[in-house]
Structures are given as structure tokens and as C-alpha cells.
Amino acid sequence: MTVHAKTALLGSEWVHNLRVEIEDGRIAALKSGTEPKPEDTRVDVLLPALANLHSHAFQRAMAGMTETRVAGRESFWTWRTLMYRFLDRLTPAQIEAIAALVYMEMQEAGYAAVGEFHYVHHQPGGTPYAQLSELSQRIFSAASQTGIGLTHLPVLYTYGGVAQEPLTGGQLRFGNDVERFLQLVEDCKPLMPYADSQIGIAPHSLRATSPDDLRQVLNATPRDPVHIHISEQEKEVTDVEAALGQRPVDWLLSNVDVNERWCLIHATHMTDDETRALARSGAVAGLCPITEANLGDGIFNGAVYIEQGGAFGVGSDSNVRISLPEELRTLEYSQRLRDKARTVLVRGEGSVGQTLYTGAARGGAQALGRDAGEIAIGHLADLVAIDRSHPTLCTLRDDQLIDGLSFAAPDGTVTDLWSAGRHQVRGGRHIARDAILNNYRAAINDLLEDI
Ligand code: ZN
């Protein structure tokens, strides 16, 4: 398969008339300054497609259900209560239908891959399905329907709080001890949908695992990606500090070997010392700006982190809205509103949009254990094409294009997307859009009758 782009971003350089040869899902050859050939798929602007590093697919179906204020009760924790009630009813078929919709929407938004932080494992009440990996298999099936690159992250969720309280209610569907969790990871390995799929582990948070359990699962999986929610909410910080004697990020960095295989999701509430230490560790900060804004989490310590050269990527987390440009712009705007300054998230000089986009491309690929993140020979062909004729982009120089994409363009400038060479979005539409959408509507109607 070959692609010809009028303009393309190679590393940090813009090139013209680039021909890309793709073999076995990887970029086999690159040549700029060439005329298109009849067999080429011709596109306007070709960029490395990002990995969406943090998703809970099923939460997409709750979007818009938690935006009503109830006196004295509006908070992250009441959102969580609704989430538990919701997932007390979800069937395997509904989970698959929602995940397929979400992954399709991600690809149409320009994401080639997803890190699915998968924590619903069992039947309502907590009894495992006949196959322990039943719900993971539903995620694999959704990935197959859409062709998205998947890093599956089964979640270890054992306790209801940092004092190791037992799980209750909706949480019972999440629960595994270390032994059953490691069994689940093993069961998933032969079932992954594509050669480029990956498996990692996700100790849910310092609230839901114990230090001993965390060390055990890390020792058992010494090379896989590790993702963990951390320091999302101030209450979590004070709870962990009371129980473990240190703030969450500080505790994690000083008690386990946090390195390049780690992705710390949110890391919202960090002191400057924690921020610098996280940047030095080589781990990725997994930022979810739309969800963090929606839940009122707080603002990432971005200026300090970028100054230290910290790795980062973006994820859509609750999937309340799936928009790659909006993730990038929300990230930058939150910093501007706090600092009363413009162009905050750039180290030294340069384009904010390009800095955020290329940084999130590299960091997202690192977090997902994926050979991707830039257009380069040998990398997976995770590629996205943009329509430059849009009025918000057609006036811009090459080096302004991603600023236009991030700050000015509407959603919907994506024309084509390849996930490891699988050409899933063409003309702005996912090739399986109608079937996936019909399936979702039928599944969600059944669900809503129960809520
Ligand atoms: Zn999350």
C-alpha cells in the first residue's frame, strides 16, 4: 500500500510530495519530492496519528447524564455513584457495542490507537463469567470491528479505599486479587486482535491496591506497560498521605521503580518537587484535559513539567467528548487561565500546537508500548491525513498548521486514518460507521430501559 501526501511532518520537519510505502502495517519506505502514482492514496497533510493513552470505553454511554446540579451533591464523587449504578447493569454485548462506537469515534478524530484501562471484569455482584476474560474479549472484538490499535490494560482493583476497605455495590464487578488478576492477564495474551496489539497492566490507583500487591504484580510483569491513576483529586491526595505518609506521586516515585514503561494518569496535584521528579523518571504523564475539566479535577503543573522535558500524552478517559484538538487546546488553555499568560506549554521558543502534538504523539506511543509516534521507517503506520483546504487552515504556513488544527479548526478536518496500516477512515468516515452506529443504538436502548 502506498500513500502520497502533498505535505507531511517528518520528526519536526515539514516536507512536500512525500510517498509512503506501507508493508505489514509498518512504514517500509519514505521518499519526498516525488510525483504521485496512480495506485497511491492521495492526501493533503499527513501527520503521525496519536495514541489515545487512557480510555474507559463504557463511560461514553453516560456522557451528558451527570451535568445537572443537585443541591449539596454536585461533585466528582456523585459522578462516581452514577457510574457505579450504570455499570451494575451493563451486559457484555452492551460493553462491546459501546467500545466499538468509541473506538470508531477516536479514529475519526485522528487517534490510531487506544490504551483501554479496563476495570469491569465480572458479572454484577462480582461472580466471574464462565471465561475470566469475557469482558476483555468484548474489548478485543470492538478493536477488531474498528481496526484500532489496542493496548489492553486489565486493571487490578482489590480494595474500596486506601485503608483496604472491602469492595461494595458496583465495585464488585472490578475485584480481583493478585493471583486472579495475573491469570486474567495470561488469559488475554493469546486473544489479542492484531500483531500490533499490546497488553499491559493497570494497578487502578493507590486507593484500590495495596503496596504489597503492587510490588507483586510489577515483579510478575517486568516489561509490560504499567498505567495507574494518581493524584487526580485533592481528597485522594490527603487520603493517601494519611495512610502512607507521603503524597501519591512522591510515594510512588520513592517506593517503586517508576521508569519509561510507566504512565501516570492525571498526576494533577503535584508539588514542584514531585513534578520535576516525575519528569526525570522518564515515565509518561497521561493527561486527560477534557475529562479533568469536566470533573473539576484541577490543573496539571504543566509549565514546570514541560520546562523539565517531561514526557506526556493525552487520553479521553471518561469519553464525555472525543476530540483530539480539544484535548490539546484544553490542556494549553487551562495553563493560560491559571498563569494569565499565553503560549505556556513550550520549552524555549516555538509553536504550541506542534509542541503539544508531537510531544503527545511520542508520549502516547511510549505509554502504549507502540513503535509509533512519528513518521519514520520501521515504525507502525499510525497515520492521519488532514484537509488543508478548510478555511481555518488554508491561510497558514506549514509551521502554523498544527496551531490552526489545535486552536482554530473545527473537528472533522481528518480525511483518512491508518491504524498500523489498516485504512479505517476514508473521506472522513469510518468504513464500518453504519453497522457500528446501528449496533450501538440497539444496545443502548436496551440499557436505558433498565436505568
Ligand atoms: Zn481514568
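The values are calculated or read from the model by the stated rules, or taken from the named source; none is laboratory data. Keep in mind the model is a prediction, meaning the values are calculated, not measured. As a convention, Cβ positions derive from the backbone with ideal geometry for all residues, glycine included, and neighbour counts pool all protein chains shown. When the accessible area is computed, the model is the full protein with side chains, heavy atoms only, and any ligands, DNA or RNA have been set aside. Shrake-Rupley method; radii C 1.70, N 1.55, O 1.52, S 1.80 Å.
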Handout entry: Residue identified as within 16 Å of the ligand (Cβ to nearest atom) and either of a type outside the set (Phe, Trp, Tyr) or crowded, with 19+ Cβ neighbours inside 10 Å (or both) among Gly315, Gly282
Key = Gly315
Handout entry: Residue among Gly72, Gly33 that is open to solvent by 40 Å² or more (accessible area, probe 1.4 Å), farther than 19 Å from Val120 by Cβ and modelled with pLDDT under 90
Key = Gly72
Fill in the blank from the handout: Subset of segment 112-125, residues away from the ligand (no atom under 16 Å from the Cβ), more than 13 Å from Thr151 (Cα to Cα) and at pLDDT 95 or above, comes to His122, Gln123
Exercise for the section: Go through the residues of segment 280-292 one by one and say whether even a single one is at pLDDT below 95 and not in a helix (DSSP H, G or I). Expected result: no
Exercise for the section: Kindly indicate which of Gly115, Gly126 is open to solvent by 10 Å² or more (accessible area, probe 1.4 Å) and of a type in the set (Gly, Ala, Ser). Expected result: Gly126
Exercise for the section: Only one of these is in contact with a strand residue (DSSP E or B) (Cβ under 9 Å, 6 or more places away or on another chain), part of a strand (DSSP E or B) and within 20 Å of His122 (Cα to Cα): Ala208, Ala202. Name it. Expected result: Ala202
Fill in the blank from the handout: Checked pairs for segment 385-405, first among the basic types (Lys, Arg), second not in a helix (DSSP H, G or I), C-beta under 8 Å and 6 or more apart or across chains, list as Arg388/Lys6; Arg388/Thr7; Arg388/Asp44; Arg388/Val45; Arg388/Cys394
Practice task
Give Glu21, Glu13 a once-over and let me know the one that is free of Cβ contacts under 8 Å to residues at least 60 places away in the same chain, open to solvent by 30 Å² or more (accessible area, probe 1.4 Å) and under 25 Å from Glu327 (Cα atoms).
Solution key: Glu13
Practice task
Could you tell me whether any residue of segment 177-187 is closer than 27 Å to Asp24 by Cα and in contact with a strand residue (DSSP E or B) (Cβ under 6 Å, 6 or more places away or on another chain)?
Solution key: yes
Handout entry: Filter result (assigned to a loop (DSSP other than H, G, I, E, B), open to solvent by less than 40 Å² (accessible area, probe 1.4 Å) and farther than 23 Å from Phe117 by Cα) within segment 347-391
Key = Ser351, Ile375, Ala376, Gly378, Ala381
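Working carefully through the options Gln171, Gln164, find the one that is outside any helix (DSSP H, G or I) and either away from the ligand (no atom under 16 Å from the Cβ) or farther than 25 Å from Gly363 by Cα (or both).
Just a single option satisfies the conditions, and that option is Gln164.
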Completion exercise
Taking first residues from segment 294-316 that are within 18 Å of Gly373 (Cα to Cα) and second residues anywhere that are in a loop (DSSP other than H, G, I, E, B) and within 16 Å of the ligand (Cβ to nearest atom), the pairs with Cβ under 9 Å that are 6 or more apart or on different chains are Phe312/Phe300; Gly313/Leu368; Val314/Cys288; Gly315/Cys288; Ser316/Cys288; Ser316/Ile322
